[in-house]
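One structure below.
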Amino acid sequence: MEALTARIAARFLIGTAALLGAAVAVSAPPRLVVESPAPLAAYAREVERLDPLAFLPAMELTGLFEPGDVRVVVAAEGSALARRAPSWAVAYAVPAEGTVVLIPTRTPAWPDDGLPDVVRHEVAHVLTFRAAGGRHVPRWFDEGLAMAAGRPRVLEDDLREALAILTGPRLRFADVDGLFGGGRSDANRAYALSSAFFGDLVARHGSALPKRVLRRMAEGEPFEEAFRSATGVPFRDESAGFWRSRRSVERWLPIVTSTAAVWTAIVLLTLWAVRVARGRKRARLAEWEAAERTALQEQPLEPGLPKDAGDVDAEGDEDRKEPGEPPLVH
Ligand SMILES: [Zn+2]
């Protein structure tokens, strides 16, 4: 029943953060400084109108009660800023620059569901970076925290977690970080595992664990050392304990056989079928483009234009990150 424990703990965490609202209100939630091109001004206003209290879970998890300003840039599809993100990402953060970029023409998909979730998630990345004093936080920890700060867990999270754990390889968490640089299906698996592992740690060590680890990192300890001094347990053992406790069918049976889960699975299958169909269509378009490029091969490229790397496959595993790009998370 540890899955249930972890889930209840995660929900309790969000609930606790909400209850702490009155106490935290004396400090200052992050102030969003929103910029947008004129045609997207209405969307920018929606962002400005978000309730500042929505950032309390991120503040509580990171222990950052005066996080300062966060620059939010609304970017048009096709702009240089939008092109930095994979085509499936609706937003990303450049934590070192205290910046969040939103691409409103893209539709939020799991793990976010709507504008407030997206903004809370991305702002949490900026807060995590600041709470750790700019030190490198493992991506799975960063994403697990951002997902917990973005919204309460829902059934789809459990199903995706079950799928990732029961059907995927027993990955080291450093390997999970690598999956984020892959295509959409890899990234979804990485989000599911990050959330599961983060939730498991909070269930084992209490809701103050994330901010304790981040504070020690800000004081100069690398992540694994900060984890050990915050918990008394080496991080390596935690990872092994997670896989041992998670890989049992009895653990997931009550969740995956519930009526709600069956309906969610049907919806997910339908969405998957639509995505595959779209992927095939895009693959056809890519083939046509490739044929066109071959026909134009004799003509030189315009100087300064980036070389197009936009091949896609039916599973939607496009947008693999190019090496050398500035660090961003989504
Ligand atoms: Zn993220």
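What follows draws every value from the coordinates through simple rules; no lab data is involved. A quick note: this is a predicted structure, and the numbers were derived from the prediction, not measured. Backbone-built Cβ (ideal geometry, glycine too); neighbour counts: all protein chains shown.
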- [ ] Specify which of the listed residues (ALA85, ALA41) is of a type in the set (A, V, I, L, M, F, W, C) and surrounded by 14 or more Cβ atoms within 10 Å (Cβ to Cβ).
- [x] ALA85
Open item on the list: Can you tell me which residue is farthest from the ligand (Cβ to nearest atom) among those in the range 187-216 that are under 15 Å from ALA89 (Cβ atoms) and touching a residue at least 60 places away in the same chain (Cβ under 8 Å)?
Closed with: ASN188
TODO: With the checklist (1) small (Gly, Ala, Ser); (2) farther than 19 Å from THR62 by Cβ; (3) within 13 Å of the ligand (Cβ to nearest atom); (4) touching a Lys or Arg at 6+ places or on another chain (Cβ under 7 Å) in hand, flag the one item ALA164 doesn't pass.
DONE: (3)
Task: Residues of the range 112-123 satisfying the condition of being within 24 Å of ARG83 (Cβ to Cβ) and within 14 Å of the ligand (Cβ to nearest atom) - done: ASP112, ASP117, VAL118, VAL119, HIS121, GLU122, VAL123
Task: Given (1) within 13 Å of the ligand (Cβ to nearest atom); (2) without any contact (Cβ under 8 Å) to a residue 40 or more places away in the chain, number of the condition PHE141 does not satisfy - done: (2)
- [ ] Could you pull out every one of the helices (runs of 4 or more DSSP H) wholly within the range 66-175 that has 3 or more residues that are out of contact with any helix residue (DSSP H, G or I) (no Cβ under 8 Å at 6 or more places or on another chain)?
- [x] 80-83
Task: Subset of the range 82-111 that is among the hydroxyl-bearing types (Ser, Thr, Tyr) and over 25 Å from GLY68 (Cα atoms) - its residue that is farthest from the ligand (Cβ to nearest atom) - done: THR105
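Just to check your reading of the model, which residue among ARG184, ARG170 is away from the ligand (no atom under 12 Å from the Cβ), closer than 30 Å to ARG244 by Cα and buried (at least 18 other Cβ atoms within 10 Å of the Cβ)? Talk me through it step by step, then tell me what you get.
On the way: ARG170 fails: buried (at least 18 other Cβ atoms within 10 Å of the Cβ).
Selected residue: ARG184, the only one of ARG184, ARG170 that is away from the ligand (no atom under 12 Å from the Cβ), closer than 30 Å to ARG244 by Cα and buried (at least 18 other Cβ atoms within 10 Å of the Cβ).
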Task: Long-range neighbours under 6 Å by Cβ, at least six apart or interchain, first residue without any contact (Cβ under 8 Å) to a residue 12 or more places away in the chain within the range 77-95, second part of a loop (DSSP other than H, G, I, E, B) and more than 11 Å from the ligand (Cβ to nearest atom) - done: none
